[in-house]
Amino acid sequence: MSKDSKDKNRYDNVAAGSRRRFLVGAGTALGGGALAWSMTGCEEGTTTPSAAPTPAPHKGQEVHAAPGQLDDYYGFWSGGQSGEIRILGVPSMRELKRIPVFNRESATGWGATDFSKKLLGGTMSGDTHHVHLSYTDGTYDGRYIYVNDKFSARLARVRIATMEVDKIVDIPNSQGTHGIFPQRHKTGLVLCNSEFRIPQPNDGRDMDDPSKYAAMHTAIDGETMELKWQVMVEGNMDLCATDYTGDYSFATCYNSEGGVTLEEMMAADLDHLYVFNLKAIQAAVDAGKTIEINGAKVVDARGADSEFVMRVPVPKSPHGVNITPDGKYAVVAGKLSPTCSVVQIDMLADAFAGKIKPRDCVVAEPEVGLGPLHTAFDGKGNAYTSIFIDSVMTKWNIDTAIAQFKGGTESPILDKVDVHYQVGHTNASMSETKEADGKWLVALCKFSKDRFLPVGMLHPENDQLIDMTMDKLEVVHDGPAYSEPHDCVIVRRDIINTLQVQDRKDDRFAMYDAWAKADGIDIMSTNKVIRNGKKVRVWMTSQAPKFGMNEFKVKAGDEVQVIVTNIDNVQDLSHGFAVCNHDTNMLINAQDTQSITFTASSKPGLYWYYCSWFCHALHLEMRGRMFVEA
Ligand code: K7E
Ligand code: CUA
């Protein structure tokens, strides 16, 4: 038997055995067998590549982008523990750019420049899971990208015009900030879930008393990036969503048990979808009915349902929550239940009013496969759910699922396609807007196993592209990805408009302008060294292929700040500024200013500085001498 068919059999056996169980408990398929299988699917020791059979020619949309041909969509991928955001073209899946966010990046100097250091505050790593764009009137407005940091409970914003981070905010009273979602009716609040429950306040009290732990649903103003309020709940929160009207936000709660071990967290057969009533919360905040914890205004909504929070019971350890493009339903993926729960949003008001029970708002619960995680939509009434354990994408019809829940006999399941392997997030073109267009679906697979040349112990992940325009789903591209994108959004290209040269409108420029004013210089033309005790400030221009200054002098151990303005006014004419043997490099785009501060070597001598980004035929000559005097 070939290795492929052996693995296929093993997969079939595990999947078939697991499907018999409606709910998955600790120690059964997810706890033991299937997950363990997914980790050990390959034989031990070295592997040799064995390619899958060549697929039949694809009959759907054009996938390949020929040289010079532009993609129809931008894909914004989170970068997981790399701390970054990535931009891909879809459908070619070509990686176009990485935006450093919470990570220090050598190429651009992000995390080393003065501005980025100020934003990062010395925390130089991040775990980005969820990347979402700002909205106006139910669709993307092309202004901002928001992304979470799960490591250190932060929210960052990227200005789309520059594709650079312009704000980072710390989220207090939170650990494991995971699901985030901006409001969709306008650029309003960005809601952020803390996944890990902690004592409130977390100051050494109640450390080993989980009954006192709580989690925060936090509202950040998407315009100012300031903290507005927090709602404290007892259970942990995972994924986040907002409706299309500004009335509600949602959070899945997989640990309603309040457990602190795996077994405890998986005990209950029903957990919750938390529904947050944003107007009631805002009214309480406005009326001062909040407590203050570490400077945050906190609405305490622990325990029972109230005007602020309602708990809709759903099976079991739910993960993703996604809103249909028509705004009618929230689809909650069961994770440890092979079901998705469909919650009808316009029934929630009656449940808040006590006229019906929260569970009455669940209008469908189709069985979609083992380990459902996230759901995308085509805008035509169909849902596409990623199924982790089965390694499939399941296409199902929402109306048929609702009819089935009422007793109908037609199966809502329309198709299942194998993906390779263990898919986490999925998303589709414009899926999270009212303009969902049903063109391209991606499956972000956590494991790739035999799909690529072996590259050592850590394999790439596999971001697979699926054509969703035909009756049958068809995988049309394997996209190896470095660790570890969780989520992505796919955005029509006409929505994204970026600058070709810097417009100098970010907060950053106010900082440089203030320094320039203090030093009495013209930032766009002056080349000057200004000494202030042990501090030296160097103002310098750059214009291909020359820096405005061929040399400057400092003293050993000086604190040196170099501020470089790129006065080239040409698209893609970027320069770098690197100082030899000083761990110092930064990128300066056309018409941009960047600054970096470093300590001059304790060893007197000559240190060249040079342009580190290729800019001109005489790029190698674009350099100068820094003299470090004793
Ligand atoms: Cu499902 Cu962090 Cu969105 Cu990973 S989360 S998959
Ligand atoms: Cu300037 Cu290379």
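The values are calculated or read from the model by the stated rules, or taken from the named source; none is laboratory data. Everything numeric here is computed off the predicted structure, so don't read it as measured data. Here the Cβ positions follow ideal geometry from the backbone for every residue, glycine too, while neighbour counts run over all protein chains shown. Keep in mind that these areas ignore ligands, DNA and RNA; they rest on the heavy atoms of the full protein, side chains included. Shrake-Rupley method; radii C 1.70, N 1.55, O 1.52, S 1.80 Å.
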Fill in: Helix-derived mean residue ellipticity, 222 nm - over the chain, DSSP H n ≥ 4, -39500 (n - 2.57), to 500
-3000 deg cm²/dmol
Item to complete: Give me the distance between the Cα centres of segment 328-360 and segment 146-220, rounded to whole Å.
Response: 24 Å
Worksheet entry | Nitroxide proxy distance, nm - points 7 Å out along Cα→Cβ at V570 and V63 | 4.0 nm
Item to complete: Using a cut-off of 10 Å between beta-carbons, work out the net charge of the residues near S125 (Lys and Arg +1, Asp and Glu -1, S125 not included).
Response: -1
Fill in: Counted charge near G235, where neighbours are those whose Cβ lies closer than 11 Å (Asp, Glu -1; Lys, Arg +1)
-2
Response to the item:
Percent relative contact order for segment 471-630, counting Cα pairs under 8 Å at least six residues apart, stands at 22 percent
Worksheet item: Just the accessible area per residue of segment 378-513, please: how many Å² with a 1.4 Å probe?
Response: 39 Å²
Worksheet, complete the sentence: Highest mean packing first, using Cβ neighbours within 10 angstrom, the peptides 319-327, 510-518, 286-294, 473-481 sort as 319-327, 473-481, 510-518, 286-294
Item to complete: Write down the accessible area per residue of segment 52-134 in Å², having rolled a 1.4 Å probe over the full set of protein chains.
Response: 43 Å²
Worksheet item: Using the per-residue mean of other Cβ atoms lying within 10 Å as a proxy for protection, in what order, highest first, do the peptides 117-129, 555-567 fall?
Response: 555-567, 117-129
Worksheet item: Going by the alpha-carbon gyration tensor, a ≥ b ≥ c the square roots of its eigenvalues, is segment 513-630 rounded (a/c under 1.5) or, if a/c is not under 1.5, prolate (a/b greater than b/c) versus oblate?
Response: oblate
Worksheet entry | FRET efficiency, 1/(1 + (r/R0)^6) with R0 51 Å, evaluated for K472 and M511 via beta carbons | 0.40
Response to the item:
Farthest towards the positive end of the dipole of the chain, among F452, G83, Y248 and with Cβ unit charges of +1 on Lys and Arg and -1 on Asp and Glu, lies the Cα of G83
Item to complete: Pop out the Kirkwood hydrodynamic radius of the chain from its pairwise C-alpha distances, inverse of mean 1/r, in Å to one decimal.
Response: 26.3 Å
Discussion item. Out of all DSSP beta bridges in the chain, what portion is antiparallel? Express it as a percent rounded to 5.
Written reply: 90 percent
Worksheet, complete the sentence: If unit charges are put on Cβ atoms (+1 for Lys and Arg, -1 for Asp and Glu) and the dipole of the chain is taken about its Cα centre, the option from T128, A514, A401 lying farthest towards the positive end turns out to be A514
Fill in: Span from the segment 564-627 Cα centroid across to the segment 481-505 one, whole angstrom
26 Å
Response to the item:
Between N550 and F405, the FRET efficiency computed from the C-beta separation at R0 = 56 Å comes out, to the nearest 0.05, as 0.15
Response to the item:
Here, trypsin sites (Lys or Arg not before Pro) of segment 124-207 satisfying both criteria (DSSP loop; at most 10 other Cβ within 10 Å) are R205
Worksheet, complete the sentence: Per its Cα gyration tensor (rounded if a/c is under 1.5, else prolate when a/b beats b/c, else oblate), segment 436-499 is best filed as oblate
Worksheet item: Under unit Cβ charges (Lys, Arg +1; Asp, Glu -1), what dipole magnitude, rounded to 20 debye, does the chain have relative to its Cα centre?
Response: 1120 debye
Practice prompt. Express the carbon and sulfur contribution to the solvent-accessible surface of segment 80-163 as a percent, rounded to the nearest whole number, probe 1.4 angstrom.
Written response: 50 percent
Practice prompt. Please give the peptides 330-336, 224-230, 187-193, 268-274 ranked by average Cβ packing (other Cβ atoms within 10 Å per residue), highest first, as a rough proxy for protection.
Written response: 330-336, 187-193, 268-274, 224-230
Worksheet, complete the sentence: To the nearest 0.05, the calculated FRET efficiency linking E435 and V260 through their beta-carbon distance, R0 being 45 Å, is 0.60
Practice prompt. Count the net charge of all other residues whose Cβ sits under 15 Å from the Cβ of A481, scoring Lys and Arg as +1 and Asp and Glu as -1.
Written response: 0
Discussion item. What distance in nm lies between label points placed 7 Å from Cα along the C-beta direction at A283 and E621?
Written reply: 7.3 nm
Fill in: Where a label projected 7 Å from the Cα of R302 along Cα→Cβ would reach, residues of segment 219-256 with amide N under 20 Å
219, 229-238, 251-256
Worksheet item: With every protein chain left in place, what is the accessible area per residue of segment 314-367 in square angstrom, probe 1.4 Å?
Response: 30 Å²
